[in-house]
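Trainee: Pasting a structure below so you can have a look.
The values are calculated or read from the model by the stated rules, or taken from the named source; none is laboratory data. Here the structure is a predicted model, which is why all the values come from computation and not from measurement. Note: ideal-geometry Cβ built from the backbone for every residue, glycine included; neighbour counts use all protein chains shown.
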Amino acid sequence: MSAKEFPKNELISVIIPCYNEAQNIGQTLKEIYDYLDEFVPNYEVIVVVEKSTDNTLEVINSRKNQKTIVLENTKKYGKGYSLKRGIYFAKGQYILTCDADLPVDIKKYFLPMLELLKRDEKVAAVFATALAIKTCRKERGFVRSIVSLIFFVFRQLLLQFPVSDTQLGFKLFRADVAKKFCQKVNENGFLFDLILTDLMLNEGYQIEEVNVKVVERKIKSSVSVAEIIKTTYKFCKYILFTRSKLLRKCTDKVMINDKSKSIKATSI
């Protein structure tokens with residue numbers, strides 16, 4: 001499918017969670033608008049703004065177009081909360097979630113990811129992954145690289161997870177599947193992506209991955225070392241105490257498929 005052939009009756013929802021992203025969000029919105037206005041006839045952009053300490057909200061309101069919806073959180077709940085709120089609000093058939101610094105070139109990867117998603121109804125989502133490309137680790141930033149590495153090691157050791165990268169902020173979902181499982185995730189922080197993925201795989205859906213080159217941003221990540229420690233603790237708690245109960249609750253009426261055949265990465 002080329003950009004010229006993009007169906008006019010399909011609505012694409014783009015969800016961007018924001019917290020203290022005044023230095024990034026203006027450029028991110030520009031890049032998204034430039035691409036979507038040219039190639040995607042029908043879209044909406046949903047920006048979910050946490051209670052920031054900088055002028056993130058003012059920047060968004062000054063740069064947004066008529067297809068943009070701004071949702072304000074009353075306080076800092078967490079990235080997962082913002083993603084859930086955006087997913088619930090989205091009206092599109094497909095949902096693209098991306099970080100406020102837009103770590104992936106939307107012009108290069110959006111359509112190929114959408115094609116992978118449409119190829120098979122069993123595919124619930126397509127994730128961008130940079131772990132397979134060593135040159136991306138510098139561009140990704142030290143803190144985010146550490147977070148992704150921690151999650152990768154724990155996933156492989158404790159979960160034998162068939163997804164290499166759940167933390168890179170550029171994912172494309174079938175909206176109906178995302179909404180279905182989103183309501184089952186009782187997590188408002190960075191662990192949201194991993195638990196959502198776990199639930200989808202557990203019910204037999206497939207996740208495709210696309211190897212990408214991360215766009216270098218000069219602005220430092222707003223993720224702190226304290227948040228990394230907190231997320232690591234919550235991950236261990238999820239594995240040891242919460243996961244088995246959650247999966248059992250969500251699969252009372254569903255046969256669990258073989259996860260080992262649920263994913264493959266594609267280079268574009």
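Trainee: Kindly evaluate GLY80 against the criterion of being touching a residue at least 24 places away in the same chain (Cβ under 8 Å), surrounded by fewer than 18 Cβ atoms within 10 Å (Cβ to Cβ) and assigned to a helix (DSSP H, G or I).
Mentor: Values: touching a residue at least 24 places away in the same chain (Cβ under 8 Å): yes; surrounded by fewer than 18 Cβ atoms within 10 Å (Cβ to Cβ): no; assigned to a helix (DSSP H, G or I): yes.
Spelling it out, it is not the case that GLY80 is touching a residue at least 24 places away in the same chain (Cβ under 8 Å), surrounded by fewer than 18 Cβ atoms within 10 Å (Cβ to Cβ) and assigned to a helix (DSSP H, G or I).
Trainee: Mind counting the residues in the stretch 95-113 that are outside any loop (DSSP other than H, G, I, E, B) and either free of Cβ contacts under 8 Å to residues at least 60 places away in the same chain or within 24 Å of LEU191 (Cβ to Cβ) (or both)? It would help to see each step written out before you state the result.
Mentor: Just the residues of the stretch 95-113 that are outside any loop (DSSP other than H, G, I, E, B), to begin with: 95-98, 104, 106-113.
Okay, now just the ones that are also either free of Cβ contacts under 8 Å to residues at least 60 places away in the same chain or within 24 Å of LEU191 (Cβ to Cβ) (or both), so 95-98, 104, 113.
So the count comes out to 6.
Trainee: For the stretch 88-103: of the residues being farther than 22 Å from PRO41 by Cβ and surrounded by 19 or more Cβ atoms within 10 Å (Cβ to Cβ), which is nearest to the chain's Cα centre (by Cα)? Give the steps one after another, and end with the answer.
Mentor: Of the residues in the stretch 88-103, the ones farther than 22 Å from PRO41 by Cβ are 88, 99-101, 103.
If we keep only those that are surrounded by 19 or more Cβ atoms within 10 Å (Cβ to Cβ) too, we end up with 99-101, 103.
Working: ASP99: 7, ALA100: 11, ASP101: 13, PRO103: 11 Å.
Checking each candidate, the answer is ASP99.
Trainee: Output the number of the condition that PHE192 fails; it satisfies all remaining conditions of (1) farther than 12 Å from ALA125 by Cα; (2) among the aromatic types (Phe, Trp, Tyr); (3) touching a Ser or Thr at 6+ places or on another chain (Cβ under 8 Å).
Mentor: Of (1) farther than 12 Å from ALA125 by Cα; (2) among the aromatic types (Phe, Trp, Tyr); (3) touching a Ser or Thr at 6+ places or on another chain (Cβ under 8 Å), only one is false for PHE192: (3).
Trainee: Could you please let me know if ASN188 is at pLDDT 75 or above and either more than 14 Å from the chain's Cα centre (by Cα) or not aliphatic (A, V, I, L, M) (or both)?
Mentor: yes
Trainee: I would also like to ask the following. In the stretch 19-32, what residues are part of a helix (DSSP H, G or I) and either in contact with a strand residue (DSSP E or B) (Cβ under 8 Å, 6 or more places away or on another chain) or of a type in the set (S, T, N, Q) (or both)?
Mentor: Residues of the stretch 19-32 part of a helix (DSSP H, G or I): 25-32.
Residues satisfying the conditions are ILE25, GLN27, THR28, LEU29, ILE32.
Trainee: Right, next: Looking at the stretch 56-66 only, could you name the residues that are exposed (fewer than 14 other Cβ atoms within 10 Å of the Cβ) and part of a loop (DSSP other than H, G, I, E, B)?
Mentor: Restricting attention to the stretch 56-66, the residues satisfying the condition of being exposed (fewer than 14 other Cβ atoms within 10 Å of the Cβ) are 58, 61-62, 65-66.
Residues satisfying the conditions are ASN65, GLN66.
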